[in-house]
Amino acid sequence: MSNASAAMPQPWYRALNRSQWNTLFASNLGWLFDGYETYALILTVGVALHQLLMPSQFKEIPAYAGSIIALTLLGWGIGGVVGGILADYIGRRRTMIFAILAYSLTTGLSALAWNWESFAVLRLIVGIAIGSEWVTGTSMTAELWPDAARGRGAGLMQCGLGIGFFVASFVWLFVGGHGPGAWRYMYLIGILPALFTLWVRRGIPESSLWQETDARRRGAMQRKREGATLEAHEHALARFTLVDMFSAPEVRRRVIIALLMSFTTTLAWWGIAAWVPPYVGSVAAKAGLAAPQWAGYAGMCYNIGAIVGYIGLGFLADAFGRKPVVMLFFALAFIMTPVLFLWTHSLGLLLLACAVNGFFTLGQYSWMPVWLPELFPTRSRGTAVAFCFNAPRFIACIGPLVAGQLIVHFGGFGNAAMIFACIYFLGLVVTPFLPETKAKPLPSEV
């Protein structure tokens, strides 16, 4: 019996050491804090604008809100690309510490906004800081976790965003009733993550893959300065990472496909799902119920579904492969759009639809930390992953802006949501062209 037990395969989670679990914990918490900051904006932007705008401008609040969310996305795109480059040159852990400190402090400053313009500028700065953090956790988890469990690790890391969204919704349930300035408290609470950087500095290791590549990069750069003739791999190490990922044809092809997929996920979420809480709140208001309270309920249900979706995509991708699972999430995200915005009218069923929608639309984001690190070499992994994740925000930032205008134009959420949902067909078309990487080692060269 003991021999049979010894021959049984070890559960995946028992094969992980303390450093790997600590890395996951730090990455998850960093993304949780990002989630709190992001969803705090979605929950409070309408309330904040009621205090920051003149009463004559209230009917245009969806358009103003779209502009502020668009600026946040623009900042996120800028900060994300910069953060990826820094992660490749100064290290994953150090970049994470700087990013968490930056967005904690700038979120606290958002509470001091005195008009909608100052609020918009501050949220742009917060977006720049938030965008820098994700790539560090993604790269570290991918580089430290074993090949067979990398998808699970990425899903467990990514669920931090949904937990952060849920925490923001939960906090807003208690904070939201404290007067017209209650939104400011949400941003003051956002200062707390800065304390977490003290543990990150001591509790997690730097990626050994990055350290080895950094040493080789420094050697190649030194040889280049000395005028030595560089070999092909040394040329690649000496190139600026943003240039390097477009130099090799195969890497360039992967970047383009991943960009289109990332654009699909990002534009659809910010153009559709970001409006779920205010939509449910508007339905509740028509029924004579408290809109902020029901918006909070919707946010919690949506994010419970998203948390399960984040984890589920990672586990499913390890079991069945990256391609079929990602395509399934794109297809069902499209189907759930009319279910939520057009076909469901009961508030109770709306909350259920929010949870299922969250599973596929927000849980869908896990394909990026699961798949993207497996497509690019270590020398430019941070830059390439961050670029694919964040660059679509430069275009997707128009999603909330256009969606806000469409909501005003159509007088409701449903038609605007369906227009944006068509973007999921782009994701379905391009996904098959990426290589399947299930259980394969991270590439050192491409």
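The values are calculated or read from the model by the stated rules, or taken from the named source; none is laboratory data. Computed from a prediction, not measured in an experiment: that's the story for all the values here. All Cβ positions, even for glycine, are placed from backbone atoms using ideal geometry, and neighbour counts span all protein chains on display.
Quick look at the numbers
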read-out: Scope region 275-295; condition of a type in the set (A, V, I, L, M) and either surrounded by 24 or more Cβ atoms within 10 Å (Cβ to Cβ) or touching a Leu at 6+ places or on another chain (Cβ under 8 Å) (or both); matching residues; value: Val276, Val280, Val283, Ala284, Ala287, Leu289, Ala295
read-out: Ala306, sole failed condition from (1) surrounded by 15 or more Cβ atoms within 10 Å (Cβ to Cβ); (2) without any contact (Cβ under 8 Å) to a residue 24 or more places away in the chain; value: (2)
read-out: Matching entry among Ala63, Ala87, Ala15, Ala48 (being surrounded by fewer than 24 Cβ atoms within 10 Å (Cβ to Cβ) and touching a helix residue (DSSP H, G or I) at 6+ places or on another chain (Cβ under 6 Å)); value: Ala63
read-out: Residue match in region 176-190 (condition: part of a loop (DSSP other than H, G, I, E, B) and either under 23 Å from the mean Cα position of the chain (by Cα) or among the hydrophobic types (A, V, I, L, M, F, W, C) (or both)); value: yes
read-out: Condition check for Leu328: without any contact (Cβ under 8 Å) to a residue 24 or more places away in the chain and under 29 Å from Met140 (Cα atoms); value: yes
read-out: Long-range neighbours under 7 Å by Cβ, at least six apart or interchain, first residue closer than 11 Å to Ala319 by Cβ within region 145-159, second of a type in the set (Gly, Ala, Ser) and assigned to a loop (DSSP other than H, G, I, E, B); value: Ala148/Ala439
read-out: Spans of helices (runs of 4 or more DSSP H) in region 217-279 with at least 2 residues touching a Phe, Trp or Tyr at 6+ places or on another chain (Cβ under 7 Å); value: 249-271
read-out: Test for Ala99: is it assigned to a helix (DSSP H, G or I), buried (at least 24 other Cβ atoms within 10 Å of the Cβ) and touching a helix residue (DSSP H, G or I) at 6+ places or on another chain (Cβ under 7 Å); value: yes
read-out: Hits in region 197-208 - residues which are buried (at least 20 other Cβ atoms within 10 Å of the Cβ) and touching a Leu at 6+ places or on another chain (Cβ under 8 Å); value: Ser207
read-out: Qualifying positions in region 368-380 - in contact with a Lys or Arg (Cβ under 7 Å, 6 or more places away or on another chain) and part of a helix (DSSP H, G or I); value: Val370, Trp371, Pro373, Glu374, Arg379
read-out: Single unsatisfied condition, Gly127 versus (1) over 19 Å from the mean Cα position of the chain (by Cα); (2) of a type in the set (Gly, Ala, Ser); (3) part of a helix (DSSP H, G or I); value: (1)
read-out: Region 354-364, residues that are crowded, with 24+ Cβ neighbours inside 10 Å and either charged (D, E, K, R) or assigned to a helix (DSSP H, G or I) (or both); value: Cys354, Asn357, Gly358, Phe359, Phe360, Thr361, Gly363, Gln364
read-out: Ser19 touching a Gly at 6+ places or on another chain (Cβ under 6 Å), under 30 Å from Ile191 (Cβ atoms) and modelled with pLDDT of 85 or more; value: no
read-out: Near pairs, Cβ below 7 angstrom, 6+ apart or cross-chain, from region 91-117 (at positive phi) to any residue that is buried (at least 20 other Cβ atoms within 10 Å of the Cβ); value: Gly91/Trp210
read-out: Residue identified as in a helix (DSSP H, G or I) and surrounded by fewer than 20 Cβ atoms within 10 Å (Cβ to Cβ) among Ala298, Ala319; value: Ala319
read-out: Test result for Val325, over 17 Å from the mean Cα position of the chain (by Cα), buried (at least 20 other Cβ atoms within 10 Å of the Cβ) and in a helix (DSSP H, G or I); value: yes
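For (1) among the charged types (D, E, K, R); (2) at pLDDT below 90, each residue gets a yes or a no:
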| site | (1), (2) |
| --- | --- |
| Ile90 | no, no |
| Thr95 | no, no |
| Thr106 | no, yes |
| Arg150 | yes, no |
